[in-house]
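Report on one structure; see the data block that follows.
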Amino acid sequence: MSPLEPFGARLRRAMDERGPLCVGIDPHASLLAEWGLDDDVAGLERFSRTVVEAVADRVAVLKPQSAFFERFGSRGLAVLEKSVQEARAAGALVVMDAKRGDIGSTMAAYAEAFLRPGAPLFSDALTVSPYLGYGSLSPAVALARESGAGLFVLALTSNPEGGEVQHAVRADGRTVGATVLAHLAAENAGEEPLGSFGAVVGATLGDLSSYDLAVNGPLLAPGIGAQGATPADLPRVFGAAVRNVVPNVSRGVLRHGPDVRALRGAAERFAEEIRAAVAGV
Ligand SMILES: O=C(O)c1cc(=O)[nH]c(=O)n1[C@@H]1O[C@H](COP(=O)(O)O)[C@@H](O)[C@H]1O
């Protein structure tokens, strides 16, 4: 159906060429105000375009957070569509952060919305929630395989509340989070250079040595910057899996706008700190 190379291979190459940093496009109302923009569609568009202009030609991944666009209804979604297209045209991979999760038949429709090439919101990958049962994500896995897209499945999230679900121990003695990681390892088995089915694992979580992070897929690691984690934490949290980590920074970069050079400078500083932290592992 699609000429796209699998997402994992495209991501590995982008990480090798540009470094692994993912910059989030999170147009919080407070950031619009800090940037001197109105909290309206014009402000949203200016914000999003500025971030794309500043970093889409130099970072591996951009991650628009869809809620900040959905807030403005259909006109916000039009801005989101345009931002995705412009970011991809500038060479960044786009991870749509929509955290979808539903019964399988509905999940198929979410997959059509984000993972079918030619769909208005088609993105290179989508964040999804496995907490209706990992198997409920099957339609998204199937379409991603067919189209060369990827998924990032919430496994161990960066927020302090996540543990009550993700660290819960199942009847077989495994935690829920470990079970999600095991499903992803199975999904990615044998894929080279990297599978297309990633996990979201917060950089805020401290020592994760009790979890097997070797899923042969990317690990999206939010939490650096505003949530308190730093690039220097990455080796401690991820151990040998750090080579597959895509660290996300949203507010930590965005607070330097609206000046394009200042945004670029902030992204470059995070990229450099990440390079230095990972180099020793
Ligand atoms: O899936 C995500 O991207 C995500 C998962 C998670 O566990 N924690 C988390 O913070 N995120 C997202 O990552 C971004 C973090 O933003 P900052 O805290 O501003 O860097 C937000 O868009 C969150 O929605």
Worksheet item: From the set of residues in region 230-265 that are more than 9 Å from the ligand (Cβ to nearest atom), touching a Gly at 6+ places or on another chain (Cβ under 9 Å) and open to solvent by less than 20 Å² (accessible area, probe 1.4 Å), which is nearest to D57 (Cα to Cα)?
Response: L263
Worksheet item: Restricted to region 99-111, and to residues that are surrounded by 20 or more Cβ atoms within 10 Å (Cβ to Cβ) and in contact with a strand residue (DSSP E or B) (Cβ under 6 Å, 6 or more places away or on another chain), which residue is nearest to Y131 (Cα to Cα)?
Response: G101
Discussion item. Given the criteria away from the ligand (no atom under 16 Å from the Cβ) and free of Cβ contacts under 8 Å to residues at least 12 places away in the same chain, does D40 qualify?
Written reply: no
Discussion item. Among (1) more than 14 Å from the ligand (Cβ to nearest atom); (2) within 24 Å of V41 (Cα to Cα); (3) within 17 Å of the chain's Cα centre (by Cα), there is one condition K99 misses while meeting the rest; what is its number?
Written reply: (1)
Discussion item. List pairs: first residue in region 108-132 and more than 25 Å from V201 (Cα to Cα), second residue in a loop (DSSP other than H, G, I, E, B) and at pLDDT 95 or above anywhere in the structure, Cβ distance under 9 angstrom, at least six positions apart or on different chains.
Written reply: A109/D102; E112/A119; R116/F122; R116/A149; P117/G148; P117/A149
Response to the item:
Picked from region 150-174 (must be away from the ligand (no atom under 16 Å from the Cβ) and in contact with a Ser or Thr (Cβ under 9 Å, 6 or more places away or on another chain)), the residue least open to solvent (accessible area, probe 1.4 Å) is A168
Worksheet entry | Among the candidates A266, A262, residue that is small (G, A, S) and without any contact (Cβ under 8 Å) to a residue 12 or more places away in the chain | A262
Item to complete: Run down A78, A42, A89 and say which single residue is open to solvent by 40 Å² or more (accessible area, probe 1.4 Å), out of contact with any Leu (no Cβ under 7 Å at 6 or more places or on another chain), under 15 Å from S123 (Cβ atoms) and of a type outside the set (S, T, N, Q).
Response: A89
Item to complete: Mind counting the residues in region 1-44 that are of a type outside the set (A, V, I, L, M, F, W, C), closer than 23 Å to G252 by Cβ and part of a helix (DSSP H, G or I)?
Response: 5
Discussion item. Criterion first (modelled with pLDDT of 95 or more, open to solvent by 10 Å² or more (accessible area, probe 1.4 Å) and within 30 Å of E272 (Cβ to Cβ)) does G36 satisfy it?
Written reply: yes
Worksheet item: Across region 1-27, what is the number of residues that are modelled with pLDDT of 95 or more, open to solvent by less than 40 Å² (accessible area, probe 1.4 Å) and on the phi < 0 side of the Ramachandran plot?
Response: 16
Worksheet item: What number of residues within region 213-229 satisfy the criterion of being open to solvent by 10 Å² or more (accessible area, probe 1.4 Å), under 22 Å from A125 (Cβ atoms) and in contact with a helix residue (DSSP H, G or I) (Cβ under 7 Å, 6 or more places away or on another chain)?
Response: 4
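Going by what's in this entry, would V55 be described as β-branched (V, I, T) and farther than 17 Å from A90 by Cα?
no
The values are calculated or read from the model by the stated rules, or taken from the named source; none is laboratory data. Owing to the predicted nature of the structure, the values given are computational and were not obtained by experimental measurement. Positions of Cβ are backbone-derived with ideal geometry, glycine not excepted, and every protein chain shown enters the neighbour counts. Accessible surface is based on the protein model in full, side chains and every heavy atom, while ligands, DNA and RNA are left aside. Shrake-Rupley method; radii C 1.70, N 1.55, O 1.52, S 1.80 Å.
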